[in-house]
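Trainee: The structure that follows is given in the form of structure tokens.
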2 protein chains.
Amino acid sequence: MSDQHKFLLDESKLPKAWYNINADMPVPPQPVLHPGTMQPVTPDFLGVLFPMNLIMQEISPERWIEIPEPVREIYKLWRPTPMYRALRLEKALDTPAHIYYKYEGVSPVGSHKPNTAVAQAFFNKEAGTKALTTETGAGQWGSALAMACNFFGLDLEVYMVKVSYHQKPYRRIIMEDFGAQVFASPTDRTQYGKSVLAGDPNSPGSLGIAISEAVEVAATSNGAKKYSLGSVLGHVLMHQTVVGLEALQQMEMAGEYPDMVIGCIGGGSNFAGFAYPFLWKKFTEKKPIRVIAVEPTACPSVTQGKYTFDFGDTAAMAPIVKMYTLGHTFVPPGIHAGGLRYHGMAPSVSALVDHGDIEGRAVKQVPVFEAAVQFSQAEGIIAAPESAHAIRVAIDEALECKKTGQKKVIAFNLSGHGHFDMGAYEQFLHGQLQDYEYPAEKVAEAMTHLPQVPAMA
Amino acid sequence: MSDQHKFLLDESKLPKAWYNINADMPVPPQPVLHPGTMQPVTPDFLGVLFPMNLIMQEISPERWIEIPEPVREIYKLWRPTPMYRALRLEKALDTPAHIYYKYEGVSPVGSHKPNTAVAQAFFNKEAGTKALTTETGAGQWGSALAMACNFFGLDLEVYMVKVSYHQKPYRRIIMEDFGAQVFASPTDRTQYGKSVLAGDPNSPGSLGIAISEAVEVAATSNGAKKYSLGSVLGHVLMHQTVVGLEALQQMEMAGEYPDMVIGCIGGGSNFAGFAYPFLWKKFTEKKPIRVIAVEPTACPSVTQGKYTFDFGDTAAMAPIVKMYTLGHTFVPPGIHAGGLRYHGMAPSVSALVDHGDIEGRAVKQVPVFEAAVQFSQAEGIIAAPESAHAIRVAIDEALECKKTGQKKVIAFNLSGHGHFDMGAYEQFLHGQLQDYEYPAEKVAEAMTHLPQVPAMA
């Protein structure tokens, strides 16, 4: 135990391998199904969108996957990231708990997203890919991938939800700074985009539409372009484990081990990146740990959804996977944590929730911002609305310790800063932020559209 | 010499004292004159606006001023800041030079400004001040002081230039997050503001007007409120020396000593904070160093101004000091580096330029953004437009080394990130950014309004 504020790792301590939880999963993996035939897909099918080296990572049973030197060289521009003990927050809460947070907001684009963006750009470059396509909502993922493609000399087309393209230009400009082409989706560059515009020339776009456009461009490029996704997939989550592997070392520096680790979940990547290395310790060394995945009540896939087979995307064009889902046609309310508005959840996170290794927790938007403001006033850092979900539960757990007198060690992942999200803070500070209950009826309706897959062996 | 990217200091290496260059100035200090009588001011006069403990720092001849523990505790939330070697930029430039940069953008508000804001809030609290007033343009200084006042339980009124209040709301919201009251200046809260509004109800405001309002509120508060300034004054620059004192340790870790240090100058504080500790080594240990202060051609006080007595503010209400000035009535073009639009320069920086210890360098806006984009594409970090002025000269010096084959060591201060300034990058990337020559005629006109001060002994 120490009273330091920060635990810094020299770059020599940057992990040399990612942790692949496939090796230690307590349950066997479920097949990934073709969206048309509903039969298990082959690597060839995925090969239209992804390079073979990333597909092999997706299905690898190896516990450790080496981080290539060129990726580590880029990581070193901001990694290892600091881990903090929130001494001032502890004092403000008057709690006996010790609160630690890993801070990924120090990356050049302000979030954890570059951890996989850099890896994906590298492996695509290695595989001969000339250009990538992707979608982005407010631009957090797009700006990370733009930076990564810039570093490895890959072209990038970003399909950005039109309403964000116009209303939240800052991250778009970052993408342009890094040389990416950014299009307001729906565009007339794809068949799907044209069909949307034919129905509604003023369509504001949606993440689902943007995904479909990015996928279509890659799929029809005769192999010249590949598609890149910022969460959900196994290799994406694995690239994020550099976060938790650093955190393990930093908790050792602090002389404590967490009783619980906490992260927010949208697709699952920042959460898994932080938590899976602690689960590795649990699975292989029997080190007990509570692992809490926090989601918005407006889009509560693991606390209210069903663990079943569903399409990965709204348009029913992506593969079908077994996951916690609210139904692929479910459209959540417009909460400010845009990164947490996914209808489903990463298959590995879902399987671990189902198996009891991960607890889900749903929190409302207004209490989340209350926690974010309290955190900033104690620690200075203004968190991204997504990350603030983890802060909310960390504070709740610390207040519980105050009640019970227990001196627990709480660690959470602060996955990004909120400097691009100040509009949401303004609404909160001026009492204009809306809260959302669990939209039970909309979910029930969406559940009627789940795909009817053949019974699995 | 090392090939590391980052040089991190443990928080035990956080400096315990600020460096006060007064102790080593090669020329005697010039008197500060009362704006009305034009006679040297007394501490009592300054005491209306500032607490006595800060006034004593302003005139102290001691080389080291202890950093109080409560200030160091807050500093530790983000300090020591990292120092980087720009290995990828060196490679992109194909230069034999080694380029280092100190990165102050990791502070919670994204700039170096909290280094003095926290100190000023602490010393005011110690002196019994209940509330501070200040002005801010785009909000960089205001957000830093808001955070600092929040930490020490001081109220804060910020007079924010009206056009920025409406057009650049993000930093305003940060101030509100930290509990500050932010007013669009000109307001009807002051006599001066009312007089401006009487003349022009739609006045967009200016930094000069906002300063006058903040000063008036403090001066007419019967001692309840004090005024706080983010640059120019000696104690403000001194609080920033924590930057250079860390950099000295980090250069030692790197096993090199800079041939030159570079910073941008508006009022002079980030520059002085970085450079003065290197000048300490020059003055006391004869360690040679080139010190380059970079300013915009649109507002080139040290390269084109006159070293003479002038008012510190536009409204001729602030004390008169000897400094490089373009004339207090000079209004520079609306360049995006708003922090560099001051008509004068800190007296100590001015004296050191005059004495030949500091070189001035003026650069144009468009080449500055070219450098900023090149830097971001190599190193990932998107710099504040102000800091990008230092990048421009660092790159120019590195390219000069490429020509001559000299392997110089270049170190600059990257005083903040540009995440709140992406509009300027957008204009640049879309070819809409205007360049500015030196506005010689406007300066000549402003020079006719210099105060006629009595001859000094």
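Since every read-out is calculated from the coordinates, none of them should be taken as a lab result. As the structure is a computational prediction, the values presented were derived from the model and not from experiment. Quick reminder, even Gly has a Cβ in these numbers, built from the backbone with ideal geometry, and neighbours come from all protein chains shown.
Trainee: Hey, what D do you get for segment B:204-273 in µm²/s if you plug the Kirkwood alpha-carbon radius into Stokes-Einstein at 10 °C and 1.306 mPa s?
Mentor: 108 µm²/s
Trainee: Still on this structure: Please compute the contact order of chain A in relative form: average sequence separation of alpha-carbon pairs under 8 Å and at least six residues apart, divided by the residue count, as a percent.
Mentor: Taking the mean separation of contacting Cα pairs over the length of chain A, I get 19 percent.
Trainee: While we're on this one: Can you give the FRET efficiency for A:T42 and A:S12, using 1/(1 + (r/R0)^6), R0 = 56 Å, r = Cβ-Cβ distance, to the nearest 0.05?
Mentor: Between A:T42 and A:S12 the formula returns 0.85.
Trainee: With θ taken as phi - 60° and the coefficients 6.51, -1.76 and 1.60, list the Karplus ³J(HN,Hα) couplings across segment A:90-95 in order, rounded to whole Hz; mark glycine and proline as x.
Mentor: 3, 5, 4, 7, 6, 10
Trainee: Can you give the % of DSSP beta bridges in chain A that are antiparallel, to the nearest 5?
Mentor: 35 percent
Trainee: Between B:A23 and A:N53, what FRET efficiency comes out of the Förster formula 1/(1 + (r/R0)^6) with R0 = 56 Å and r the beta carbon distance, rounded to 0.05?
Mentor: 0.40
Trainee: About the Cα centre of the protein assembly as shown, how large is the charge dipole given +1 on each Lys and Arg Cβ and -1 on each Asp and Glu Cβ? Please answer in debye to the nearest 20.
Mentor: It works out to roughly 720 debye.
Trainee: Between copies, how close do the A:P96 label points come, placed 7 Å along Cα→Cβ, listed in nm from shortest?
Mentor: 6.5
Trainee: Taking amide H atoms as placed 1.01 Å from N in the peptide plane, list the residues 5 or more away in sequence, or in a different chain, whose amide H sits under 5 Å from that of A:V409.
Mentor: Counting only residues 5 or more places away or on other chains, the set is A:H98, A:D259, A:M260.
Trainee: Separate question: Taking amide H atoms as placed 1.01 Å from N in the peptide plane, list the residues 5 or more away in sequence, or in a different chain, whose amide H sits under 5 Å from that of B:K6.
Mentor: Answer set, sorted by chain and number: B:R85.
Trainee: Express the C-alpha Rg of segment B:18-122 as a ratio against the empirical globular expectation 2.2 N^0.38 Å, rounded to two decimals.
Mentor: For segment B:18-122, the normalised Cα radius of gyration comes out at 1.49.
Trainee: On to the next question. Each label point is 7 Å from the Cα along the Cα-to-Cβ direction; what then is the distance between the points at A:A198 and B:E359, in nm?
Mentor: 6.5 nm
Trainee: Here's something else I'd like to know. In nm, one decimal, shortest first: how far is the label point of A:G431 (7 Å from Cα along Cα to beta carbon) from the matching points in the other copies?
Mentor: 5.1
Trainee: Using a cut-off of under 19 Å, list every residue of segment A:331-372 whose amide N is near the label point 7 Å from the Cα of A:E437 along the Cα-to-beta-carbon line.
Mentor: Output list for this probe position: A:331-335, A:362-368.
Trainee: Sticking with this one: Antiparallel DSSP bridges in the protein assembly as shown: what percent, to the nearest 5?
Mentor: Counting only bridges with both partners in the protein assembly as shown, antiparallel ones make up about 35 percent.
Trainee: Restricted to Cα positions, what overall size does segment B:157-298 have along the principal axes? Three whole-Å values, descending.
Mentor: Principal-axis extents of the Cα atoms in segment B:157-298, largest first: 59, 36, 28 Å.
Trainee: Compute the convex hull volume of the Cα atoms of segment B:294-376, divide it by the residue count, and report the result per residue in Å³ as a whole number.
Mentor: 94 Å³
Trainee: Hey, could you grab the Kirkwood Rh for chain B? Inverse mean 1/r over distinct alpha carbon pairs, Å, one decimal.
Mentor: Over chain B, the inverse of the mean reciprocal pair distance is 22.0 Å.
Trainee: Would you be so kind as to identify which of B:V393, B:G312, B:P82 lies farthest towards the positive end of the dipole of chain B, taking Lys and Arg as +1 and Asp and Glu as -1 on Cβ and the Cα centre as origin?
Mentor: Result: B:P82, furthest along the dipole toward the positive end.
Trainee: For segment B:268-338, I need the span (max minus min coordinate) of the C-alpha atoms along each principal axis, in Å, sorted largest to smallest.
Mentor: Projected onto its principal axes, the Cα set of segment B:268-338 covers 42, 28, 19 Å.
Trainee: So which of B:K13/B:K130; A:K16/A:K281; B:K6/B:K113 end up more than 25 Å apart by C-alpha?
Mentor: Correct reply: B:K13/B:K130.
Trainee: With only alpha-carbon atoms in the gyration tensor, what are the semi-axes of the equivalent ellipsoid for segment B:310-457, in Å, largest first?
Mentor: They are 31, 20, 13 Å, listed from largest to smallest.
Trainee: For the protein assembly as shown, compute the orientation-averaged projected area of the C-alpha convex hull (one quarter of its surface), in nm².
Mentor: In nm², the orientation-averaged hull projection of the protein assembly as shown is 37.2.
Trainee: Still on this model: In Å and whole numbers, how far do the C-alpha atoms of segment B:1-65 stretch along each principal axis, longest first?
Mentor: Projected onto its principal axes, the Cα set of segment B:1-65 covers 58, 27, 20 Å.
Trainee: Run the numbers on segment A:283-325 and let me know its relative contact order in percent, using alpha-carbon pairs under 8 Å that are six or more apart.
Mentor: 32 percent
Trainee: Could you tell me which of rounded, prolate or oblate describes segment B:225-264, using a ≥ b ≥ c as the square roots of the eigenvalues of the alpha-carbon gyration tensor, with rounded for a/c under 1.5 and, failing that, prolate when a/b is larger than b/c and oblate otherwise?
Mentor: It comes out prolate by the Cα gyration axes.
Trainee: Taking θ = phi - 60°, what integer Hz values does the Karplus form 6.51 cos²θ - 1.76 cosθ + 1.60 yield along segment B:376-389, in sequence order, with x for Gly and Pro?
Mentor: Each residue of segment B:376-389 in turn: 5, 5, 8, 10, x, 6, 9, 7, 4, x, 4, 4, 5, 4 Hz.
Trainee: Something else: Using Cα pairs under 8 angstrom and six or more residues apart, how large is the relative contact order of segment A:287-430, in percent?
Mentor: 22 percent
Trainee: A follow-up question, please. Using a label position 7 Å from Cα in the Cα→Cβ direction, what is the ascending list of nm distances from B:K287 to the same site in the other copies?
Mentor: 4.1
Trainee: Can you tell me the length gained on complete extension of the stretch A:K403 to A:H166, counting 0.36 nm per residue apart and subtracting the Cα distance?
Mentor: 80.6 nm
Trainee: Let me ask something additional. Mind pulling the angle between the C-alpha long axis of helix B:241-254 and the longest principal axis of chain B? Nearest 10 degrees, somewhere in 0 to 90.
Mentor: On a 0 to 90 degree scale, this one is about 10.
Trainee: For A:F309, list long-range residues whose amide hydrogen, built 1.01 Å from N in the peptide plane, is under 5 Å from its own amide hydrogen.
Mentor: Under 5 Å from the amide H of A:F309 lie the amide H atoms of A:M323, each far enough along the sequence or on another chain.
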